[in-house]
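Here is the structure we will look at, set down as structure tokens.
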Amino acid sequence: MSEAHEALSSYIDSSPTPWHAATNAAERLRGAGFKQMDPGQEWKRVPDRGVVVRDGSLVAWAGAPGAAVAPIRLVGAHTDSPNLRIRPLPDTGRAGIRQLAVEVYGGALVNSWLDRDLVLAGRVAVSDPEVPGGVSHRLFHHRDPLLRVPQLAIHLDREVNEALTLNRQKHLTPVWGLGEPDEGGFRHFLAEEVGATPVEVLAWDVACADAAPPQVLGRQGEFLAAPRLDNLASCFAAVEGLADAAGQGGPCVAVLYDHEEVGSTSATGAVGAWLAQVLERVAIAGGGDRSTLLSSLPSSMLLSADMAHATHPNYTDRHEPSHWVELGAGPVIKHNTNVRYATDSRGAAAFRAAASSVEVAVQDYSHRGDLPCGSTIGPLAAAGLALDTVDVGAPQLSMHSIRELMAVHDVEPMVRSFGAWLAGG
């Protein structure tokens, strides 16, 4: 158990953004013998184990899906998490304090971002005459705390403990220095971070992230508190499961999408065509064709991996009373008759069988009928490829908080069951 949760903690700590998460996942797979392919080059041949990264998304395969008609097992997850993103014209401030203008990304629990030490990380577009197109992207992760969103003192809002209301435009702008607004100051900071001059900095995708690393806590070290458990824990399990399953069964695939938290409608989101394009390229370069790939899909299956709601001990009335989910009791199959989750009986049975084959217990989640249900990449990816799908995730608390909570004991069974699923293709 210790090795699995420590490896997950390391992955989360080194992946403050989707671009870092995809890059680090590819590095892990290269260490397991996967060859990284260039998405902008023609693939005349493909390796039996391959991986390709585009921005904050990744597709990896073992067994060249579509090279011959055979069922494919897939695991899909997403690399993005709710956070605060830096605006294009960020330098602002008042009352002698310098601030950075931010925009909320995704469905964040915004109150959890108050009074937290924050770092900056992301990618910077830099003028670079040495590369095709003249622009390169450089990742950075400034690990020292730089920012904070200070909460208003209780003396100035005596009702705050009864009703905290945060305006996303006015109340979430973090502080990062003293003095009047420093026009161009953020651009200069980025230039220093990526080894460029300010004039070479053309654009950026930069996020705030919790400065504190993942931490084990509890009377007997039962819990793992960390940022971005939703959904880097699932990305970690998908990558580790693929590395374990490679060569054990039929063709298998892991796909890590970006932009799930904002609807997945992007070039590298689950609504987009990227996974289908990669699968077709692999099939053709592996000796098959589009018809071969399409013939494989009806018998193929997707596991949509996204974290699940554990039953909150302080709010048990917010959960369906016959479907309580426990931390530390194994992965959760998520059901919804309105297809907010894509699980059907075939997918549920197949995952239950895979988990049973490696002695992993499984739980079932069903949402309260009088509360709106969240969703995942599952229905979107299922619709795009016409795949039977099951939605599965490890249970957690504090979903969409800056720091979330899961059981240490749930990490290794998640990896093991995902590996068994992929090996069953």
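The set of residues in region 87-112 being of a type outside the set (D, E, K, R), touching a residue at least 24 places away in the same chain (Cβ under 8 Å) and over 26 Å from D306 (Cβ atoms) consists of P88, P90, T92, G93, G96, I97, Q99, L100, A101.
Scanning region 67-83 for residues that are under 23 Å from S401 (Cα atoms) and assigned to a strand (DSSP E or B), we see that the one that is nearest to the chain's Cα centre (by Cα) is H78.
When the criteria are applied in full, A121 meets the requirement of being in the same structural domain as F189 (by TED's automatic domain parsing) and either under 18 Å from W19 (Cβ atoms) or part of a helix (DSSP H, G or I) (or both). Of the helices (runs of 4 or more DSSP H) lying entirely inside region 309-425, those containing at least 1 residues that are farther than 30 Å from A273 by Cβ are 345-357, 411-423. Has region 363-384 got any residue that is out of contact with any Lys or Arg (no Cβ under 6 Å at 6 or more places or on another chain) and under 22 Å from H5 (Cβ atoms)? For region 363-384, residues out of contact with any Lys or Arg (no Cβ under 6 Å at 6 or more places or on another chain) and under 22 Å from H5 (Cβ atoms): present.
The set of residues in region 236-283 being free of Cβ contacts under 8 Å to residues at least 60 places away in the same chain and over 19 Å from the mean Cα position of the chain (by Cα) consists of Q277 alone. Being on the phi > 0 side of the Ramachandran plot, modelled with pLDDT of 95 or more and outside the structural domain of W176 (by TED's automatic domain parsing) holds for only one residue in G33, G76, and it is G33. Considering the conditions (1) more than 27 Å from L8 (Cα to Cα); (2) among the small types (G, A, S); (3) touching a residue at least 12 places away in the same chain (Cβ under 8 Å), A163 is excluded by exactly one of them, (3). Just one of the numbered conditions (1) more than 20 Å from V415 (Cβ to Cβ); (2) in contact with a Pro (Cβ under 8 Å, 6 or more places away or on another chain) is not true of A361: (1). When restricted to residues that are without any contact (Cβ under 8 Å) to a residue 24 or more places away in the chain and not in a helix (DSSP H, G or I), region 291-303 contains 0.
Sub-9 Å Cβ pairs linking a first residue in region 7-18 that is over 17 Å from E240 (Cα atoms) and among the basic types (K, R) to a second residue that is modelled with pLDDT under 95 and assigned to a helix (DSSP H, G or I), at least 6 apart or interchain, number zero. Applying the selection to region 84-116, what residues are under 22 Å from the mean Cα position of the chain (by Cα) and more than 19 Å from R187 (Cβ to Cβ)? Across region 84-116, the qualifying residues are V104, Y105, G106, G107, A108, L109, V110, N111, S112, W113, R116. Could you tell me whether region 240-254 includes any residue that is surrounded by fewer than 24 Cβ atoms within 10 Å (Cβ to Cβ), among the aliphatic types (A, V, I, L, M) and out of contact with any Leu (no Cβ under 9 Å at 6 or more places or on another chain)? Checking region 240-254: not a single residue is surrounded by fewer than 24 Cβ atoms within 10 Å (Cβ to Cβ), among the aliphatic types (A, V, I, L, M) and out of contact with any Leu (no Cβ under 9 Å at 6 or more places or on another chain).
Does region 350-361 include one or more residues that are within 20 Å of H312 (Cβ to Cβ) and out of contact with any Leu (no Cβ under 7 Å at 6 or more places or on another chain)?
no
Tell me, which residue of region 292-341 that is of a type in the set (F, W, Y) and surrounded by fewer than 18 Cβ atoms within 10 Å (Cβ to Cβ) is nearest to G269 (Cα to Cα)? Per the stated criteria, the residue is W324. In region 107-131, of all residues being buried (at least 16 other Cβ atoms within 10 Å of the Cβ) and touching a Ser or Thr at 6+ places or on another chain (Cβ under 7 Å), the one that is farthest from E180 (Cα to Cα) corresponds to D128.
The values are calculated or read from the model by the stated rules, or taken from the named source; none is laboratory data. Here the structure is a predicted model, which means the values were calculated and not measured. So basically every Cβ, Gly included, is an ideal-geometry build from the backbone, and we count neighbours across all protein chains shown.
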